[in-house]
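Before we start, here is the structure in question, set down as structure tokens.
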Amino acid sequence: MPNTPTIVDEELGKYLASDGVVAAMTNGRIRPVRLRQTDAMPAIRWQRISGRHIHFQGGRTGLEQPRIQVDCYASTYSEAKQLATAVRHAIYEFAGVRGDINVRQARLDNDTDGFENVDDGSDEGRYRVQQDWLIWSTEATSA
């Protein structure tokens, strides 16, 4: 059976879970695409927004630049901002070999603040800091 190629966004999720500060703040609540309704705060959700595969003169270069969104959720605005700061510091150190890909650079392209209401008519909800990252890496190939 061939090896499964490394996917840069999955590696980013694993990396955040292994970062001591981020892991301590979230207690392992770092999930792809969606959080569980039972997840306590703070928590992180990440997803690939788009993928850009770089070509030159009609051929593959082996480089990609996916846009990965990381959402930092918390019960208070201050806590969401603190988690987002920890995530930012961690991802700036993400470069290097990850499985069978080489992450060359992680660049924060945009960040925004928000609030999400719960669907019960109350004022309860959660604060969110959304970060959009551009990750330059080599593309994974099947073995």
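Just so it is clear, none of the values below were taken in a lab; they were calculated from the coordinates. Predicted model only: the values in this text are computed from it and were never measured. Here Cβ is always computed from backbone atoms with ideal geometry, including for glycine, and neighbour counts include all displayed protein chains.
At 1.002 mPa s and 20 °C, plugging the Kirkwood radius over alpha-carbon pairs of the chain into Stokes-Einstein gives what diffusion coefficient in µm²/s?
Values: Rh = 16.0 Å.
The diffusion coefficient I find is 134 µm²/s.
Turning to a different aspect of this structure: May I ask for the longest run of the chain untouched by GluC sites (Glu not before Pro) that are loop-located per DSSP and have at most 15 neighbouring C-beta atoms (other than their own) within 10 Å?
Formally, the longest exposed-site-free interval is 1-92.
Specify the angular offset, from 0 to 90 degrees and rounded to the nearest 10, of the alpha carbon long axis of helix 8-18 from the longest principal axis of the alpha carbons in the chain.
Value to nearest ten degrees: 50.
Rounded to the nearest 500, what is the 222 nm mean residue ellipticity of the chain from helices alone, with -39500 (n - 2.57) per DSSP H run of 4+ residues and division by all residues?
Counting only the DSSP helices, I get -7000 deg cm²/dmol.
Nearest 20 debye, what's the magnitude of the dipole of the chain about its Cα centre given +1 on Lys and Arg Cβ and -1 on Asp and Glu Cβ?
The calculated dipole for the chain is roughly 440 debye.
Which of the trypsin sites (Lys or Arg not before Pro) found in region 14-68 are loop residues per DSSP with 15 or fewer other Cβ atoms within 10 Å of their Cβ?
R34, R36, R52
Can you pull a Stokes-Einstein diffusion coefficient for region 54-130 at 20 °C (1.002 mPa s), Rh from Kirkwood over Cα pairs, as a whole number of µm²/s?
142
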